[in-house]
Structure formats: C-alpha cells, structure tokens
1. Please state which one of V112, V69, V55 is closer than 19 Å to L290 by Cβ, surrounded by 14 or more Cβ atoms within 10 Å (Cβ to Cβ) and either assigned by TED's automatic domain parsing to the domain that holds L411 or aliphatic (A, V, I, L, M) (or both).
2. Can you tell me which residue in the stretch 178-205 is modelled with the lowest pLDDT, limited to those that are over 18 Å from A130 (Cα atoms) and aliphatic (A, V, I, L, M)?
3. Considering only the stretch 195-245, state which residues are in contact (Cβ under 8 Å) with a residue 60 or more places away in the chain, farther than 20 Å from G181 by Cβ and among the charged types (D, E, K, R).
4. Kindly indicate whether any position in the stretch 297-304 is touching a Ser or Thr at 6+ places or on another chain (Cβ under 7 Å), touching a residue at least 60 places away in the same chain (Cβ under 8 Å), of a type in the set (D, E, K, R) and in the same structural domain as I393 (by TED's automatic domain parsing).
5. List the number of the failed condition for L445; all other conditions in (1) of a type in the set (A, V, I, L, M); (2) touching an Asp or Glu at 6+ places or on another chain (Cβ under 8 Å); (3) under 26 Å from R303 (Cα atoms) hold.
6. Which one is surrounded by the fewest Cβ atoms within 10 Å (Cβ to Cβ), of the residues in the stretch 250-300 that are acidic (D, E) and under 15 Å from A336 (Cβ atoms)?
7. Hey, does the stretch 315-324 have a residue that's of a type in the set (K, R), in contact with a Gly (Cβ under 7 Å, 6 or more places away or on another chain) and farther than 24 Å from R382 by Cα?
8. Return the residue satisfying two criteria in turn: it lies in the stretch 61-95 and is assigned to a strand (DSSP E or B) and farther than 15 Å from G24 by Cα, and of such residues it is modelled with the lowest pLDDT.
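The values are calculated or read from the model by the stated rules, or taken from the named source; none is laboratory data. Because the structure is predicted, anything quoted here is derived from the model rather than measured. Quick reminder, even Gly has a Cβ in these numbers, built from the backbone with ideal geometry, and neighbours come from all protein chains shown.
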Amino acid sequence: MPLKKNQDVEMEITGVTHDGDGVGHVEGMAVFVPRTARGDVVRVRLIKVKKSYAVGRVQELLRPAPCRVEPDCPVFDRCGGCAWRHVTYEEELAIKRDRVRDSLQKIAGLFVEPEPTVPSPRVDHYRNKAQIPVGKEGNTLLVGFYARHSHRIVECVGCRLQPTGFDRLLAAFRRWVEQSGVEIYDEATGKGQLRHLYLRSAQATGQRLACVVVTRFPVPRPELLVRLLREAGAAGVLRNRNPAATNVILGDTCVTLWGRARITDILCGLRLEISPLAFYQVNHDQTEQLYRAVGELAGLTGREHVLDLYCGAGAIGLTLARRAARVTGVEIVPQAVEDARRNAALNRIGNAEFFCEDAQAAAVRLVRSGQAPDVVVVDPPRKGLAAPTIASIRALSPQRVVYVSCDPATLARDLAAFTKGGYVCRRVRPFDMFPRTPHVECVCLLERSMKE
C-alpha cells in the first residue's frame, strides 16, 4: 500500500545522512527522520511523501539505539549548528569515517579504506571563530545562529561550540545594538546596516577580536561599541563593510576602530598573527594534529621545494619550512598574504616566500618558469579545486600531492581527476575538526605513478 502524508508508521533507523537525519525503509521506500540514531526503533508521522522517498517526524521513541544519548543543548532541535549531540562521540567518529568512505567509493570509484577518524582533543568550546547573524522579528532583536536549512535566527546563549569568553562579547554587542539605534539589515529588502558580529580568538594568548559587519560606514555611536567590547575583553574592535546581496559573511574592507588589528596565536611552535580576513583553522588543538599529519605525508628530507596553494596566513607552509629546502605559498586574499609574510619574519624563517595570486595562475607560472616543486600541498575552500587548477598541478608533476579538504564530496571528485592523470591515492585520514557538527576534515596523500 502506498505511503501517505500524515500516516503513522513504525520503523528502525538503519543508517544516517551526513547532516544528522536517520534513514529507514517502509514498504521499500527510504524515510528520512531528523535527529534519530542508527538502531533507534521509532513511531514516525510522515510529513512529506514523494515518489522515491518520504520525510517523517518522531512521534514516539519505541526503543533507543545503544549509541543514543540525551542532547546537552536546549536548542539542539532548532539550531542548525550541531548534528550529532544525540549520539555518543564514538558513533559520531564512525559516522564521519563512513561518510568519507562512501564519498570516495560512490563519487570517485576509489576503494581506499579511510583510516579511523582522529578524535578532537576538545569536543566542546573548541571553536576560535564565530559568525553571528543579527535580525529582527517584529520589534524583537534576534542574535544567535541560523536554524537548520534556513536563515531563521535561533537565539542561543552559552553555545557549547564557542569559547566561554564569547558570551561576554555577545552580551556587550547586544547592549550596543539596543542603545545605538543601528538599523538591522533585512535580507529580503536589502535595507538596513548591521548584518553580523564576527568574533575570533587565539587559544594560546587569549586575545579576542570583535568585528561588526555592516553594509556601510560609519557605524552609530562607535565610542559606545568600543567601550562595551573593551570591557567585555576584546583586544581589538573592527568594522567590516559588506554591501553585497550575498550569503558571504565578510566584505573585503576592514577598519580598526580600536586596539589590535590581528590576534597572535601559537601553533605547532610557531607564533602566528592572524587578521580577520585570513583563513585560520577553527580548532587549535586538532589543527596541530592535522598539520603534523601533513608533514608526515609530505615525506620531507630537507631537499624538497614545497608549493603550498591556498596557504592562508602561511601556517602549513611555515610548519613544513623547517624540513624543506624551500616553500612557496600562494593565496588570493591580500590580507592573508601580508599575514604570511609577517609570520615568516616573526619566526625567522627565511626559506619561505608568499605570493598574492590565484592558485591556477601560480601553478601555470611555475610550469612556464620550470620551477617544478617536489611536493604540492593544497587546502582549498569547501568547493574544492577547479579542473584547470588540477591540470596545472599535474603539469608540474610533483612526486607527492598532500590534499587537505573540509568536504568529502569535492575531495572525492578531485581525487578522481588526479587518479585519471597519473596519481595514486595512497592514504586518507579523516580528522574531526568540527565535533558535533556534520563536517569532517581529511588529509590525503597522492603519489605520482611510476608508470608516468
């Protein structure tokens, strides 16, 4: 009998999607049920029925799975930040490894068994960055995080992913919003000024930057904003202009209102200065484990030329410079390149140079100049590598490519392109860079085939 909307069914959850939905089957049809766990037996009301799948809502948990735990966040069911607060951490690590394996097999046709997911040293309060949207519902100010699959803001105080010091900054920011009369940006109309609060912290030094993201300068009552955020522990207060109708959080212009324009952190023994626009991994302790793995897979002996594409503030390249003859870093964000050069000087590293350039253009330039690197390290954004960039890297013919990825799907797509071009995928190691969220980081080793 065909399934119908509003029908109640009993089912066992036999699998999960990467973003936290459980999956079971009724009458041969896949039914997706949010916030369920593998092994749950549930009574579900079907709220959507399509030709090939259905979506249900739990009416009753008949038998909980052994891996199920009570969520420790009061807004877990509404907030879109976390996906796995209802299962044990061991189950989360297994889910993320399975996701990587499935992506490699289904997208790339690669049957390389991922290594066990490396657990994060911290499961809570690990993030060093928060991008907090601001909105209104009627006359009510909303400051929090987006609900799942939407831009509806869920109020959240004491987020377990963020450092505890962020709450003080957030409370100070709210007071400024309420007292300054700043107009809240409306995505639907494009009107208004205030869009986001952007926070960044350094674990080693405790420094925190607070940056308000607005559609235009100046901001009202900047002296009040500075005073409140200083009292709440900010080491620097900045404003960022983003007038575009876009989901991208930050614009390309930052102005310091008071204090520091960068935070200083210590990572893998390096002293690093990080500006708001520069990429920096959000989980300090796990990043140290990840970068040690990059160095291990790079297999450096002290004689190699390393090309570090998408280098951000230079963290990966500078950690590798100790064991390489030469490091060339490439990044398209000018502020990040400035940070990378500053960090090389700060750590007295003389064998690393950094260029503000598109990754593909840099690879083409090196091909034409005959400066072939021995090892290429790539850490691209979630969208992965463009096909011409992969072609240019292959033209450089490095012995090894170490690929750091935050998205298993685009990673698998790109690995398939490399393997078709003469490279063999030797190792894939997942890292839980983002505990309790759907995301998983990977580091992979590609080696040039001896047949090439």
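1. Details: V69 fails: closer than 19 Å to L290 by Cβ; V55 fails: closer than 19 Å to L290 by Cβ.
Just a single option satisfies the conditions, and that option is V112.
2. Filtering the stretch 178-205 for residues that are over 18 Å from A130 (Cα atoms) and aliphatic (A, V, I, L, M), the one modelled with the lowest pLDDT comes out as A188.
3. The one that is in contact (Cβ under 8 Å) with a residue 60 or more places away in the chain, farther than 20 Å from G181 by Cβ and among the charged types (D, E, K, R): R200.
4. Kept after step one, since they are touching a Ser or Thr at 6+ places or on another chain (Cβ under 7 Å), are these residues of the stretch 297-304: none.
No: the stretch 297-304 contains no residue that is touching a Ser or Thr at 6+ places or on another chain (Cβ under 7 Å), touching a residue at least 60 places away in the same chain (Cβ under 8 Å), of a type in the set (D, E, K, R) and in the same structural domain as I393 (by TED's automatic domain parsing).
5. (2)
6. Taking the stretch 250-300 first, the residues acidic (D, E) are 252, 265, 273, 285, 288, 296.
Adding the requirement that they be under 15 Å from A336 (Cβ atoms) leaves 252, 265, 273.
Numbers: D252: 13, D265: 24, E273: 19.
Result: D252.
7. Start the filter on the stretch 315-324 by keeping residues that are of a type in the set (K, R), which leaves 322-323.
From what's left, in contact with a Gly (Cβ under 7 Å, 6 or more places away or on another chain): 323.
Within this subset, residues satisfying the condition of being farther than 24 Å from R382 by Cα are 323.
For the stretch 315-324, residues of a type in the set (K, R), in contact with a Gly (Cβ under 7 Å, 6 or more places away or on another chain) and farther than 24 Å from R382 by Cα: present.
8. Our first condition is that a residue be assigned to a strand (DSSP E or B); within the stretch 61-95, this holds for 61-63, 68, 79, 87.
Filter once more, so that each one left must be farther than 15 Å from G24 by Cα: 68, 79, 87.
Numbers: R68: 97, C79: 92, V87: 98.
Checked the stretch 61-95; the qualifying residue modelled with the lowest pLDDT is C79.
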